[in-house]
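Participant: Can you read through this structure? Questions will come right after.
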Amino acid sequence: MNTIQLLKKASQVIDELARIGQSTPAELAKVVSEPRPTVYRIVAALEQENLVRSSGDGKLELGTAILKLGDAAADALVDRTELREQLRWIRGQLGMSPYFCVLRENGAVCLDQIQGADVDLHDLAPGRTLPLHAGAASQALLAFGAPEFRESVLASGPYPGIASRAPLTGEQLRERVEQTARRGWSVEDSEVIEGIASIAVPVLRRDGSLLGALSVAGLRATVLGQEDAARKVLDTAARAIAASMSQDNPNEGKEAARLDPPDGSERDSPRAPAVIAKASALISALAEERIATSTRLTEMLEEPASSIYRMLATLAEAGWVEQIGHRGAYRVGSKMIALSGDLTRRLDIRRAADPILREIHAATGETTFLCIRRGTRAVCIERIDGIRVNSRVLKLGESLPLHVGAAPRALLAFEDRASWDEYTAIVASSGEPWRDVRSRSEFYSGLEHIRDQGFVVSDNNVTPGIAAIGAPIFDHRGEVAASLSISGLREGILNRPEGEDPIVDLLLRGTRALSDYLGAPQAASKKDADVSQVIA
């Protein structure tokens, strides 16, 4: 098998894992029609690049490098920092779920979304692909996208019925697209999700070409009747997003930097085909550069131009990279956004946390918790009761405000300052008691101390005689995704017997392992300082 064929087989392995979630090498060998030894070599190379990983029981799943490539693909399309700020602003103005989509041949791909105040819309999560014939975002994209593509979609009917009001014929869809083009925005009701309505506006570059569609969605009673207000908010945000985008390659003229193999890499190992490692380096270069020409990639990787061209052609065929226009520069392919979304939906923090919670419980006998944020509260999604005492606070499924206790404060403290401001404004207007906090500045100072320390100590703050320690769990973007905590009688939590591991060490080992499971950057998942003496 030549190197390009090997690379194609590797992409088939990734596609199969994305399709079914987990598989054994033997099962993958059947799918890609190759002998087991060949597939074992491919899998070893993909594992080395963290494109796949072991999920236990001899099975494989997508690796967390896919998550980073998904973000890189989004970064190549839009300024995600500005996009996230605008999505947060839209939610603050309207309370609905804002999201941003780009047009692709197979549908409208969601790059980012923030859940609104009324419902969680999982079908609009990042990486999800909406059908081109239904939904406000798709209609806005078709109305302001390339006419040739629009006509091909209109000619492809009849369409499958998704929800009760989805258009089923090309004539019905044309009428809605033409109406969107005339008024400059779109609105739909129960086309994608029954009982959910959405509004969308196009986001246009400075040259008038289509960048994407900015939308809000929510319960139909919330959205319908608010079209004018929503459109004005969306238009303002769309202009801000468009203004943040450069028309030029931001890396043009920069000196090309050599990309060295990762530590521990064995690119010439017989168990790790070199072409997969080189292809991974090429995609990493694109992720770093955002947009790059084949010439620049040749300089960065110090590979022959012919090899770079062959790899680019193969990766483009697989959808891993995209060429911008005819003979243009390259970027990470938007397929990676979909693969990242597939992996994100399959990551199960509860399943991953179970053995860690049990290990901590076996070592301490104390109550262990796993919490996630929902709105302004921390919800316990997994718990193992203590042996000596069993706190009645934060039972499975119950919640606490984010400023109360160890696990909740671990969730809030490691978010950004804008999230602190948003939370304090909501709590101040809700009448939620602040307990021992006398001022906002004192509250912020406490959160900053938690960030500096890396964990939270709650001593008699919730239940008299009970102490708890909590720490954050980070995702692949370095953002807090969950928190882990240990609770019990304060003497057992704060004063461990000599010779036993400090509670905080056990806790931080657990949060590091779970952060690694979610693909967190090392800087986020590991604290350099020795914290074991802080509460010894």
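Participant: So what does the Cα-only Debye profile of the chain read at q = 0.06, 0.10 Å⁻¹, as log10 I(q)/I(0), no solvent term?
Facilitator: One equal scatterer on each Cα of the chain leads to -0.34, -0.93.
Participant: Could you tell me which of F474, N106, V275 has its Cα farthest along the dipole of the chain towards the positive end, charges placed at Cβ (Lys, Arg +1; Asp, Glu -1), taken about the Cα centre?
Facilitator: About the Cα centre, the residue reaching furthest to the positive side is N106.
Participant: Given a Förster radius of 45 Å and the C-beta distance between T81 and R388 as r, what FRET efficiency does 1/(1 + (r/R0)^6) yield to the nearest 0.05?
Facilitator: Working: r = 48 Å, r/R0 = 1.06.
Plugging the Cβ-Cβ distance into 1/(1 + (r/R0)^6) gives 0.40.
Participant: Next up: Counting each DSSP H run of 4 or more residues in the chain as -39500 (n - 2.57), what helix-only mean residue ellipticity at 222 nm follows after dividing by all residues, to the nearest 500 deg cm²/dmol?
Facilitator: Calculated at 222 nm, the ellipticity per residue is -14000 deg cm²/dmol.
Participant: What is the fewest-to-most order of R346, R417 by other Cβ atoms lying within 10 Å of their Cβ? Walk me through the numbers on the way to the answer.
Facilitator: Working: R346 14, R417 10.
So the residues, fewest neighbours to most, are R417, R346.
Participant: With an 8 Å Cα cut-off and a minimum separation of 6 or more residues, compute the relative contact order for segment 79-234 in percent. All intermediate terms of the calculation are to be shown ahead of the outcome.
Facilitator: Details: 318 pairs, mean separation 35.0, N = 156.
Relative CO of segment 79-234 lands at 22 percent.
Participant: Sort C110, C380 by Cβ crowding within 10 Å, fewest neighbours at the top.
Facilitator: On the way: C110 26, C380 20.
Ranking C110, C380 by Cβ neighbours within 10 Å, fewest first, gives C380, C110.
Every number here is computed from the coordinates shown, using simple stated rules; none is lab data. These numbers come from a predicted model, not from an experiment. FYI the Cβ positions are ideal-geometry reconstructions off the backbone, even for glycines, and counts take in every protein chain you see.
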